[in-house]
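Notes to accompany the following structure.
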Amino acid sequence: MIKIDSDKSKQISNILSVVKLSSLLFSGLIFLEYFLGSDNPILNYSNSAYTLFWILGILILTSIYFIWTFSAVKKFNRYIHLVQTIENFAILLIFFMVILLSGVHKSEFKFLFLFIIITTTIQSGMKQGIFIASISSFLMLTMDLVCSPGTAVNQYFQNDLTMAGVFLLTAWSLGFYVKTANDYIEELKSLVNKDGLTGVYNHRYFHDALREKIKACEKENAPISVVFIDIDYFKHYNDLYGHQKGDEILSTIGSLLKNSVRKNDIVARYGGEEFAIIMPDASEKEAFFLAETIRKKVEETYFEGEEYQPNGRLTVSIGVSVYPDKAKNDIDLIKSADDALYRAKFFNKNRVETYTSILDELKKDIAEEHIDLVTSVKTLISVINAKDKYTYGHVERVVTYCRMLADKLGLSKQDKQTLIYGAYMHDIGKINIAKDVLIKKMPLTQKEWEMLKQHPVNGVDIIKPVDSLNNIIPLILYHHERYDGKGYPDNLRGENIPYLARVLTVVDSFDAMTSNRPYNKRKTYDEAIAELKKCSGTQFDPVIAHKFIEVIKENRNSFDY
């Protein structure tokens, strides 16, 4: 819709430019007639050199105006109204000079004023059109009075008074039509671009606007932030009170968001209970401040029945990201903001998270010649996420668990960092697994299972060229080994399995148990803890499993189960 609107404005501007250009060419002919003399035809052979000189002059001036109109003006979009006003007065002055040269009050070319009145009204609206019409009328009537003093009946004044009325009537009627047409177009645009329930912009407009804003920010070398807002436990609220009450919540929050943002920010309903805000020329710090303000406003606003929500009130989780610091295009910006939102929802909800990438942190710790390889790793992980949404959410959760377990185990800073990097990349080998195998709803065949079991080895092959990542190879290769030696790929047993790999195995398995999979029903919080206890000493290192159970119990209210 933004592109259509832009194309429409461009077409109208081009048409008006042609009209102005034609009127200027006509004015040029009148200038030629004056300078060559009324007794000499413009193309008289004896005056051919003189005529050619003026024709070339007019063509040069016309070309300059043509280039100005169709290209240079675009560079002054910020001052477009001022540029148009100056242009209109310049053309008005040219027409006035033509009338002076062609007989002043007796001139037959006073109708030229209609060109600039019509184009100004279409371009700038009724007020500007009437203003130009008033000036044109004043100039025309003043010439009649000055050039015919003391005349009992000033026929020119009487005739031009009628023409002045035509000028004003043309500006008023055309301006009214343009206003009505624009209002109708705005209403149609509102229907197309706005979400009918909440009054904010819709999903399609959000994407169109984000692309346009990023282009504008690139030209001005300015940042642009995106904020994603999701209502916590909204399905629970709908299930309790019905969709009508849920719609009231959406409408209220839509109004709250519109009243919280800056003038040039764009609020949209991204889908369901999720909203988004585009903040042009806003740093991550500014976006975070706005997000935290919104979070507090929602938390402090009373919503009917909120006391029966799981956390006792209706709240929102918010994710923030910024371009170009944390994204290279509009798709990356949306994804990174969505990642931040996911983290906010997973970890306790009712919070604001900014986007952070483990691989971006990793770049600080590796040799410069391997930066491109790490960037490729990030791309591979994005591909895996696109193939299998479970893997995406699973990795994020495993990283969060590993951070907490690392503190519980008292790991050194270096070991904690290695564990986190390993947790982030432990499933990278799945890039070589077919999508239909990853998301298969039925139990895997023996052949498919053998294929899936190769992902640790495949993952090692991918990162092996990066020397700085060699310390996480054991975590990728052995995170499916079992404490009793019945795992894969090398059937390692007990303490022969690297310690950090044993830590990752516990966390990885716990999240797999508590997540919905096509072939596996999600276990409850208590069922997963019971399974950890049951398999301690067989599948899991008993000490690590015990410590992780403590972590889960201590933070059970912080997780989204």
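A few comments on the model shown:
- Each part reduced to its alpha carbon centroid, the stretch 398-461 and the stretch 137-216 end up 64 Å apart.
- From the C-alpha gyration tensor of the stretch 186-266, square roots of 5λ in Å: 29, 16, 11
- Considering the stretch 401-542, its Cα convex hull presents a mean projected area of 8.7 nm².
- For residue 211, solvent-accessible area (1.4 Å; no DNA, RNA or ligand), Å²: 100
- Computed about its Cα centre, the charge dipole of the stretch 409-561 is approximately 380 debye, with only Lys, Arg, Asp and Glu carrying charge at their Cβ.
- Among the listed pairs 345/553; 213/258; 533/553; 106/127, a Cα-Cα separation exceeding 21 Å is found for 106/127.
- For the stretch 261-272, 3J(HN,Hα) per residue [Karplus equation, 6.51 cos²θ - 1.76 cosθ + 1.60, θ = phi - 60°, Hz, x = Gly/Pro]: 8, 6, 4, 8, 6, 10, 9, 9, 8, 6, x, x
- The coefficient of translational diffusion for the stretch 164-233, derived via Stokes-Einstein from the alpha carbon Kirkwood radius under 25 °C and 0.890 mPa s, stands at 156 µm²/s.
- In this simple spin-label approximation, residue 348 and residue 530 carry label points 7 Å from Cα along the Cα→Cβ vector, and these lie 3.0 nm apart.
- Computed with a 1.4 Å probe over protein heavy atoms only, the accessible area of residue 163 comes to about 60 Å².
- Cα gyration tensor shape for the stretch 493-551, rounded if a/c is under 1.5, else prolate or oblate: prolate
- Debye equation applied to the C-alpha atoms of the stretch 232-333, log10 I(q)/I(0) at 0.11, 0.12, 0.13 Å⁻¹: -0.37, -0.44, -0.51
- Ligands, DNA and RNA left out, the accessible area of the stretch 216-361 computed with a 1.4 Å probe is 49% carbon and sulfur.
The values are calculated or read from the model by the stated rules, or taken from the named source; none is laboratory data. This is a predicted model, so every value here is computed, not measured. Here Cβ is always computed from backbone atoms with ideal geometry, including for glycine, and neighbour counts include all displayed protein chains. Heavy atoms of the whole protein, side chains included, go into the accessibility calculation; ligands, DNA and RNA do not. Shrake-Rupley method; radii C 1.70, N 1.55, O 1.52, S 1.80 Å.
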